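See structure below.
The values are calculated or read from the model by the stated rules, or taken from the named source; none is laboratory data. Quantities reported herein were computed from a predicted structural model and do not represent experimental measurements. Backbone-built Cβ (ideal geometry, glycine too); neighbour counts: all protein chains shown.
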Amino acid sequence: MNTAHSLDLLQAAGLPSVFHLSINGKLVDADRSFDVLNPATNEVIAKAPQASAQQLEDAIQAAAQAFKSWSALSWQTRSDYILQYADALEARQDELITLLTLEQGKPKHSQAKSEVEAAIYWVREVAKREIPVQVIEDTAEHVVEVHHTPLGVVGAITPWNFPVLLGLWKVAPCLITGNTMVMKPSPYTPLTSLFFGEIAQSVLPPGVLSVLSGGNELGQIITEHPAIAKISFTGSTATGKKVMASGASNLKRITLELGGNDAAVVLADADWPSIVKPLFWAAFGNSGQWCIAVKRLYVHSSIHAAFTAAFVEYAKTVKVGDGMDQATELGPIQNRMQYEKLIDLFEDTRKQGYKVPLGGVIDRSLAGNFVPVTVVDNPPENSRIVQEEPFGPILPVIAFDDVEDVIARVNASPYGLAGSVWGGDRAAAIAVAKRMETGTVWVNEIHIHGIDIPFGGHKLSGMGVENGQEGLAGFTNTKSYMFKK
Ligand code: NAD
């Protein structure tokens, strides 16, 4: 692997080349730093500050202090601050997009742009949401109301696949409900979060949002810390279990958005030629590094061969490359650890002798973490490629005969994030969707999200939800008031 230094790449792209922790409203350096690599080249693009345990402690104490005044502000005042934050982010969005591509790999002109735009839209729209007081009873003698009060300091821990969107998804609802936040992004993609943390210091009061980069041990400290009231975590199921275990020390509120092995079921009467392209992007967008990517594609046996052939033909037209190139449609795998995991899975697929009509061979001589678009034709249900979350650009297209059987196979997964059903008879497709044991289902469409639509996983895919009223309420305590008149 080439670990040459190209620290001037950011400068050439008109970006800052020095990154700071943001703690208590100030931009702070650390004694130590770590390398951040461009996954398209494996060159070092920047040094990220490695926050010390003491700096984390300072940020948590500052957040606890800031909570007193921030939570006392009116909802409208907090909303005004967050709207200003959205404007400040928008003013720097081009830099954020380029930085996202350079550290994460996704194509600048398509997926990085839409991630950043969606994230800013989210901040702006969430700032306009409110949790109304619920009046349960209002009689001549008695009033009963349900209010939602902020929790305190929230620890946010985020992954490397959508660092901007998933980070800001946490910031806006946390702050609007009156909490303060200490965020720790993934050590693989810290730069965009440090950047939006830095922007926050120009508009938010000190201590309301601090962002600190560092290794997993910082995350561990956050999950154990007695002054943290809630953890909002997005990442793997394995880490989610650890977060839950250490959060038990002070009964932290916990929201976990974890892994998935989402199925798409294409029924016999689907208008299948029209869905080849949307299903391709639902599976391969962000190079498959997506919690809700389609990871198992079940197609009725009467159309399986024709569908797979058309799917492969379309997939052949998609260009994998450096996300900074205008022509690139899919970028590299974000980090070497995930790339090595994929090499192992590809090796298993090859050894087992499954039919691979497209891709299948990773060229290790390339400097970047490039993995070709790979389709596996009808591997057995118990194969690793069907059972595991690959988190890369490889998809099994599996034939089924019987609807009852496919529902049982879909639900046999320990994960339950999302799923989709595609069919001509809308009612029949909805009936199948209703039986999927997942937090989200789509019928004849996919990957629709909304500010007001709760999103969360069943089973090993998570706990609690983000977005919607329920997501906002997840950053609060429920408080019942009873007043005698
Ligand atoms: P990860 O679990 O390895 O890391 C996530 C974050 O947890 C990182 O910031 C990491 O530094 C931190 N961390 C690691 N060990 C920790 C510990 N002991 N205590 C506290 N924090 C710790 O996950 P990842 O590889 O960054 O992300 C990929 C996974 O995330 C996939 O499984 C994917 O499906 C999942 N994901 C889920 C969603 C969702 O909304 N459900 C969204 C995106 C990604």
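Brief remarks on what is shown
- Scan the stretch 343-353 for residues that are away from the ligand (no atom under 16 Å from the Cβ) and touching a Gly at 6+ places or on another chain (Cβ under 9 Å) and the total you get is 3.
- In the stretch 240-255, residue surrounded by the most Cβ atoms within 10 Å (Cβ to Cβ) [restricted to those that are free of Cβ contacts under 8 Å to residues at least 24 places away in the same chain and within 10 Å of the ligand (Cβ to nearest atom)]: K242
- Meets criteria (surrounded by 14 or more Cβ atoms within 10 Å (Cβ to Cβ) and either in contact (Cβ under 8 Å) with a residue 40 or more places away in the chain or among the aromatic types (F, W, Y) (or both)) for R384: no
- Listed by first and then second residue, the pairs linking a residue in the stretch 161-183 that is in contact (Cβ under 8 Å) with a residue 12 or more places away in the chain and farther than 20 Å from N335 by Cβ to a residue that is near the ligand (Cβ under 10 Å from one of its atoms) and of a type in the set (V, I, T), with Cβ atoms under 8 Å apart and 6 or more places separating them unless they lie on different chains, are K170/T158; K170/T234; V182/I222.
- Residue count, the stretch 331-363 (criterion: of a type in the set (S, T, Y) and either at positive phi or outside any helix (DSSP H, G or I) (or both)): 1
- Members of the stretch 314-330 that are touching a strand residue (DSSP E or B) at 6+ places or on another chain (Cβ under 9 Å) and in a helix (DSSP H, G or I): A315, K316
- Residue satisfying all of: in the stretch 177-211; in contact with an Asp or Glu (Cβ under 9 Å, 6 or more places away or on another chain) and closer than 16 Å to S232 by Cα; farthest from the ligand (Cβ to nearest atom) among these: S210
- Residue list for the stretch 431-451, filter: assigned to a loop (DSSP other than H, G, I, E, B) and either over 17 Å from the mean Cα position of the chain (by Cα) or hydroxyl-bearing (S, T, Y) (or both): R435, M436, E437, T438, N444, E445
- Applying the condition of being β-branched (V, I, T) and under 21 Å from D80 (Cβ atoms) to the stretch 112-164 and asking which residue is nearest to the ligand (Cβ to nearest atom) yields V154.
- Scan of the stretch 95-107 for residues that are among the charged types (D, E, K, R), in a helix (DSSP H, G or I) and buried (at least 24 other Cβ atoms within 10 Å of the Cβ), ordered by number: E103
- Residues that are within 13 Å of the ligand (Cβ to nearest atom) and aromatic (F, W, Y) within the stretch 256-309 comprise just one, W290.
- Of the residues making up the stretch 9-29, those that are at pLDDT 90 or above, surrounded by fewer than 20 Cβ atoms within 10 Å (Cβ to Cβ) and not in a loop (DSSP other than H, G, I, E, B) are K26, L27, V28.
- Matching residues in the stretch 229-239 - criterion: being more than 10 Å from the ligand (Cβ to nearest atom) and in contact with a helix residue (DSSP H, G or I) (Cβ under 6 Å, 6 or more places away or on another chain): S232
- In the stretch 212-228, residue farthest from the ligand (Cβ to nearest atom) [restricted to those that are among the polar types (S, T, N, Q) and within 30 Å of A86 (Cβ to Cβ)]: S213
- Test: E340 is more than 16 Å from the ligand (Cβ to nearest atom), within 30 Å of D35 (Cα to Cα) and surrounded by fewer than 21 Cβ atoms within 10 Å (Cβ to Cβ): no
- When F483 is tested against (1) exposed (fewer than 14 other Cβ atoms within 10 Å of the Cβ); (2) out of contact with any strand residue (DSSP E or B) (no Cβ under 9 Å at 6 or more places or on another chain); (3) not β-branched (V, I, T), exactly one condition is not met: (2).
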